[in-house]
Amino acid sequence: MFEVLSEKLSNVFRVLSSRGKLTEKDIDEALRQVRLALLEADVNFKVVKDFTTRVKERSIGKEVMESLTPAQQIIKIVNEELIATLGDGQSSLAAVSQPPSVIMMVGLQGSGKTTTAAKLALHLKHTGQRPLLVAADNRRPAAIEQLVTLGRQLEVPVYQEDPKTASKDIAAHSLSEAKKQASSHVIVDTAGRLHIDEEMMKELEQVKGVLKPHEVLLVVDAMTGQDAVRVAEDFNARVKLTGLILTKMDGDARGGAALSIRWVSGVPIKFIGIGEKVDAFEAFHPDRLASRILGMGDVLTFIEKAEKTLDEKKAQELQKKIKTASFNLEDFLEQLKAIKTMGPIAQLADMLPGMSKIASRLPDGVQEEQLKKVESIILSMTPQERQNPNIIGGSRRRRIANGSGTRTSDVNQLLSQFQQMQKFMKMGSRGKLPRNIMGMFKQGI
Ligand SMILES: Nc1nc2c(ncn2[C@@H]2O[C@H](COP(=O)(O)OP(=O)(O)OP(=O)(O)O)[C@@H](O)[C@H]2O)c(=O)[nH]1
Ligand SMILES: [Mg+2]
């Protein structure tokens with residue numbers, strides 16, 4: 001699931017990242033592509049419209065257009081809004097003061113209720129809980145058998161009765177059984193229908209009335225696309241859901257259901273099923289799914305790192321200096337330190353689209369070595385020399401080389417590189433400007 005969407009979005013961001021400074025037109029075009037990709041993934045059109053409006057509003061703001069890395073800022077916004085669409089924070093099961101916690105599973109026929117009830121029981125068992133499974137689906141004797149078999153396999157107790165018993169009675173009796181067994185959770189499997197009908201809803205309302213569940217979880221098949229979204233709305237209207245479990249997320253559907261269901265129904269996704277096996281089950285993390293869809297976990301980590309290290313204010317001060325060409329070796333040193341605290345350059349470069357080319361031009365470790373050398377040379381200068389490198393004549397160069405354990409030729413090289421850089425900056429301040437040292441690397445300095 002999500003492969004096609006993920007690839008399309010990556011392409012949009014790749015183009016955006018290659019641009020440098022962005023105009024409103026660039027952003028509009030990128031968002032148009034994002035909108036198309038989402039619609040093709042079968043995301044509900046209202047969700048798409050809302051999503052792109054939110055991203056657009058935030059993207060054309062000053063902080064993006066004038067930021068150090070506008071494309072990355074937009075990716076960050078898309079990521080955040082995607083998380084908001086999928087549901088903020090992680091939804092866990094409701095905590096109860098007095099066990100057992102009662103969980104009612106509802107859903108259409110074949111959505112995966114019985115399998116998921118067993119998966120949830122195993123999940124709880126793994127966290128040291130004592131769940132009790134309840135076979136309240138008495139429409140088919142085979143349904144009871146299915147749950148009993150699963151329970152045996154997982155070594156989780158299953159409460160069952162003669163299928164002639166009304167499901168609301170089975171539900172009531174199961175609560176006393178749970179008390180007896182000191183169960184931590186009661187997970188009640190109910191009967192599904194092919195379509196939502198009055199009979200099923202009435203039965204579910206009755207069972208719910210008896211159980212007074214802490215959780216009413218709707219199990220929906222993610223492969224059914226927008227139908228799943230409608231089903232969630234209908235169930236929520238009748239039995240008031242507390243959470244959703246999306247099953248068959250391992251399928252090759254386009255993923256539209258998963259991306260729309262929370263926003264449209266207002267009900268949080270709590271778990272996902274990712275296979276037929278009993279352990280193919282996970283708590284739902286909106287942030288993880290979002291970064292998987294964006295295929296950009298690395299870039300996001302990079303942005304966070306960069307934000308921490310290069311604080312905006314300092315960067316702006318620096319830019320002013322660059323503009324007035326008063327950027328000196330002290331500022332240069334500051335930038336080097338910022339880069340160093342961010343980790344190995346090669347690794348950082350790999351994270352940034354467009355920078356990997358430069359990184360591949362340099363053998364491993366070379367950049368770090370050079371950085372260290374450059375840093376020790378600058379550190380051997382007096383503050384006066386750093387602020388005004390023009391005063392560094394022959395004897396000062398020899399002193400600096402001795403002090404930093406380098407050769408005079410190294411000092412010469414650094415000074416001439418710095419001079420070139422200053423020239424470049426003066427040029428740049430009239431036209432296109434590398435915004436920071438990372439930008440200079442990008443442009444091949
Ligand atoms: N691939 C995959 N298959 C799943 C998943 N969850 C359930 N299934 C399969 O879906 C089918 C239906 O699952 P059940 O648990 O019997 O569905 P149900 O909702 O209890 O069905 P009824 O009791 O008939 O209403 C089974 O073949 C399951 O193995 C999942 O996450 N991934
Ligand atoms: Mg079933």
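Tabulated values for the structure
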item	result
Single condition Met200 does not satisfy, out of (1) more than 29 Å from Arg288 (Cβ to Cβ); (2) within 16 Å of ligand 2 (Cβ to nearest atom); (3) in contact with a strand residue (DSSP E or B) (Cβ under 7 Å, 6 or more places away or on another chain)	(3)
Test for Glu233: is it assigned to a helix (DSSP H, G or I), acidic (Asp, Glu), surrounded by fewer than 17 Cβ atoms within 10 Å (Cβ to Cβ) and more than 16 Å from ligand 2 (Cβ to nearest atom)	yes
Qualifying positions in region 116-138 - surrounded by fewer than 23 Cβ atoms within 10 Å (Cβ to Cβ) and either at positive phi or within 9 Å of ligand 2 (Cβ to nearest atom) (or both)	Gly128
Residues satisfying the stated conditions in region 170-194, i.e. in contact with a strand residue (DSSP E or B) (Cβ under 6 Å, 6 or more places away or on another chain) and of a type in the set (D, E, K, R)	Glu177, Asp189
Residues within region 178-208 that are crowded, with 21+ Cβ neighbours inside 10 Å and of a type in the set (S, T, N, Q), tallied	2
Conditions (1) in a strand (DSSP E or B); (2) out of contact with any strand residue (DSSP E or B) (no Cβ under 6 Å at 6 or more places or on another chain); number of the one not met by Val207	(1)
Region 123-134, subset touching a Phe, Trp or Tyr at 6+ places or on another chain (Cβ under 9 Å) and either polar (S, T, N, Q) or at pLDDT 95 or above (or both), residue nearest to Asp189 (Cα to Cα)	Val134
Residue within region 154-168 that is within 12 Å of ligand 2 (Cβ to nearest atom) and not β-branched (Val, Ile, Thr) present	no
Single residue of Ala315, Ala306, Ala325 found to be at pLDDT below 65 and in a loop (DSSP other than H, G, I, E, B)	Ala325
Residue satisfying condition, being among the hydrophobic types (A, V, I, L, M, F, W, C) and away from ligand 2 (no atom under 16 Å from the Cβ), within set Val96, Val148	Val96
Selection from region 247-297 of residues that are in a helix (DSSP H, G or I) and either on the phi > 0 side of the Ramachandran plot or of a type in the set (Lys, Arg) (or both)	Arg262, Arg288, Arg292
Which listed residue, of Gly273, Gly266, is small (Gly, Ala, Ser) and buried (at least 22 other Cβ atoms within 10 Å of the Cβ)	Gly273
Test: Leu108 is surrounded by 20 or more Cβ atoms within 10 Å (Cβ to Cβ), modelled with pLDDT of 90 or more and touching a Pro at 6+ places or on another chain (Cβ under 6 Å)	no
Count - residues of region 156-168 that are at pLDDT 95 or above and either among the β-branched types (Val, Ile, Thr) or more than 19 Å from Lys113 (Cβ to Cβ) (or both)	2
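The values are calculated or read from the model by the stated rules, or taken from the named source; none is laboratory data. Since the structure is predicted, the reported quantities are computational estimates derived from the model, not experimental observations. All Cβ positions, even for glycine, are placed from backbone atoms using ideal geometry, and neighbour counts span all protein chains on display.
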